[in-house]
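Participant: Can you read through this structure? Questions will come right after.
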Amino acid sequence: MLEVQNLVKSYPGKKNDPHGRVQAVKGISLTVGQGKMFTMLGPSGCGKTTTLRCIAGLETPDAGEISVAGQCLYSSTQGVRLRAYERGLGMVFQSYAIWPHLNVFRNVSFPLEVTPRRYRPGRKEIKERVERALDVVQLGHLADRQATDLSGGQQQRLALARALVMEPPMLLLDEPLSNLDARLRDAMRFELKRLQRDLGLTAIYVTHDQTEALAMSDSIAVMRDGVIEQIGRPREIYDRPASKFVADFIGISNFIDGVVVGRESSLYEVRTDHGSLFVPALVEPARGSRVSVAIRPEHITLEKGHMELTGANMWHGQVKTRAFLGEAVDHMVMVGGTEVRVRCNPKVSFEEGTEVTLTLDQAMCSITPAD
Ligand code: ADP
Ligand code: MG
């Protein structure tokens with residue numbers, strides 16, 4: 001559906017260097033299938049909005065290729081550059097950009113009314129399309145209300161209706177939920193996902209919120225500093241992070257440094273200060289290379305006492321601190337000089353100083369390059 005190849009975009013000017021340019025996007029490639037929700041996830045300033053605006057036609061890239069449904073929208077090599085309205089992609093901005101002086105109906109009809117005449121539908125069709133879009137987001141009964149009199153969640157849905165009314169082949173959503181309070185954001189996540197799925201929409205979703213990305217996406221591209229670090233399904237990104245950055249950005253992770261010393265069938269042996277770990281790897285690490293083994297706190301179990309170390313990936317430790325989190329208890333456990341975070345079921349809670357045995361779930365360990 002969407003294909004982006006080697007997209008590059010820089011902006012003029014750089015702090016302390018008037019002649020330098022800000023390299024916002026440094027050669028991004030991605031593919032999004034029909035009816036899929038594709039998320040770009042990354043910290044502020046990593047180039048998410050710039051990528052989205054290049055796809056929408058609101059920015060001109062320096063180089064690259066963009067096509068939707070087989071149609072080329074932009075190509076630096078072929079000299080193609082369709083205008084934003086010719087691309088007809090629906091975009092929802094973080095700020096909603098709702099017009100305060102218009103009512104709900106007019107906010108949605110406006111983008112159709114300002115379409116160049118030869119693309120513009122007739123009055124009757126505009127009315128039908130607006131009504132349909134408002135029904136989809138359950139705002140049909142508020143069509144006459146002034147946009148400013150809507151709640152935050154309703155304004156968000158209005159912005160969505162305004163994008164849907166264009167009947168776009170693809171929706172571009174730039175942090176659409178970030179202005180909502182936590183509870184509403186949680187509810188809208190499900191709502192938006194349901195809509196996207198029910199309507200079979202292809203959507204590019206931009207967020208810096210990892211929970212949102214995991215909950216809503218068919219695939220996630222984790223971005224850092226203008227490049228994509230990893231693309232994968234939510235579970236792959238979470239369970240098999242390809243780098244420390246990805247592991248750290250998506251949730252909490254322990255990193256245990258070591259050296260790859262060998263291989264036993266599908267597992268690699270990583271020698272650490274506290275003994276060997278046996279770990280699966282996505283990409284074959286070179287023998288002798290320094291790596292970090294990433295493991296999530298919930299993939300380590302604790303038992304009381306220093307038990308006999310009967311298998312691989314078992315260590316002795318001592319509880320340093322613990323924190324009750326409601327649905328879990330986090331323990332900071334010292335293993336030699338290394339602090340390991342372990343997330344336990346709330347029924348398991350060991351006080352400071354308790355000697356414990358840790359078992360690191362072998363299947364849930366990942367090898368990432370050391371810094
Ligand atoms: P994100 O959406 O991931 O937060 P952006 O795409 O907005 O990131 O920005 C990427 C980089 O480009 C940042 O360093 C930002 O300061 C810079 N940038 C974005 N827009 C402009 C602009 N119009 N002019 C100059 N620099 C910009
Ligand atoms: Mg942004």
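The values are calculated or read from the model by the stated rules, or taken from the named source; none is laboratory data. Everything numeric in this text was worked out from a predicted model, so none of it was measured. Here the Cβ positions follow ideal geometry from the backbone for every residue, glycine too, while neighbour counts run over all protein chains shown.
Participant: Out of the residues in segment 263-292 meeting the condition of being touching an Asp or Glu at 6+ places or on another chain (Cβ under 9 Å) and basic (Lys, Arg), tell me which one is modelled with the highest pLDDT.
Facilitator: It comes out as ARG290.
Participant: Is it the case that segment 15-30 has a residue that's within 18 Å of ALA213 (Cβ to Cβ) and more than 16 Å from ligand 2 (Cβ to nearest atom)?
Facilitator: For segment 15-30, residues within 18 Å of ALA213 (Cβ to Cβ) and more than 16 Å from ligand 2 (Cβ to nearest atom): present.
Participant: Name the residues in segment 219-234 that are within 19 Å of GLY200 (Cα to Cα) and surrounded by 18 or more Cβ atoms within 10 Å (Cβ to Cβ), would you?
Facilitator: SER219, ILE220
Participant: Looking at (1) within 9 Å of ligand 1 (Cβ to nearest atom); (2) under 20 Å from the mean Cα position of the chain (by Cα), can you tell me which one GLN23 breaks?
Facilitator: Of the numbered conditions (1) within 9 Å of ligand 1 (Cβ to nearest atom); (2) under 20 Å from the mean Cα position of the chain (by Cα), the odd one out for GLN23 is (2).
Participant: Checking the conditions here, which among ARG224, ARG185 is in contact (Cβ under 8 Å) with a residue 40 or more places away in the chain and among the basic types (Lys, Arg)?
Facilitator: Selected residue: ARG224, the only one of ARG224, ARG185 that is in contact (Cβ under 8 Å) with a residue 40 or more places away in the chain and among the basic types (Lys, Arg).
Participant: For ARG117, all conditions in the list (1) out of contact with any Pro (no Cβ under 6 Å at 6 or more places or on another chain); (2) within 26 Å of LEU192 (Cβ to Cβ) hold save one; what is the number of the exception?
Facilitator: (2)
Participant: Could we say that VAL222 is assigned to a helix (DSSP H, G or I) and within 16 Å of ligand 1 (Cβ to nearest atom) here?
Facilitator: Against the criterion (assigned to a helix (DSSP H, G or I) and within 16 Å of ligand 1 (Cβ to nearest atom)), VAL222 does not qualify.
Participant: Considering only residues that are part of a strand (DSSP E or B) and without any contact (Cβ under 8 Å) to a residue 40 or more places away in the chain, look in segment 230-253 and name the one that is farthest from ligand 1 (Cβ to nearest atom).
Facilitator: GLY232
Participant: Turning to a different aspect of this structure: Regarding ARG224, is this residue within 16 Å of ligand 2 (Cβ to nearest atom), within 25 Å of GLY27 (Cα to Cα) and touching a Ser or Thr at 6+ places or on another chain (Cβ under 9 Å)?
Facilitator: yes
Participant: What is the number of the single condition among (1) under 30 Å from the mean Cα position of the chain (by Cα); (2) modelled with pLDDT of 95 or more; (3) surrounded by 13 or more Cβ atoms within 10 Å (Cβ to Cβ) that PHE93 does not meet?
Facilitator: With (1) under 30 Å from the mean Cα position of the chain (by Cα); (2) modelled with pLDDT of 95 or more; (3) surrounded by 13 or more Cβ atoms within 10 Å (Cβ to Cβ) applied to PHE93, the lone miss is (2).
Participant: Of all residues in segment 240-254 being more than 28 Å from GLN23 (Cα to Cα) and surrounded by 17 or more Cβ atoms within 10 Å (Cβ to Cβ), which is farthest from the chain's Cα centre (by Cα)?
Facilitator: Among residues in segment 240-254 that are more than 28 Å from GLN23 (Cα to Cα) and surrounded by 17 or more Cβ atoms within 10 Å (Cβ to Cβ), the one farthest from the chain's Cα centre (by Cα) is ASN254.
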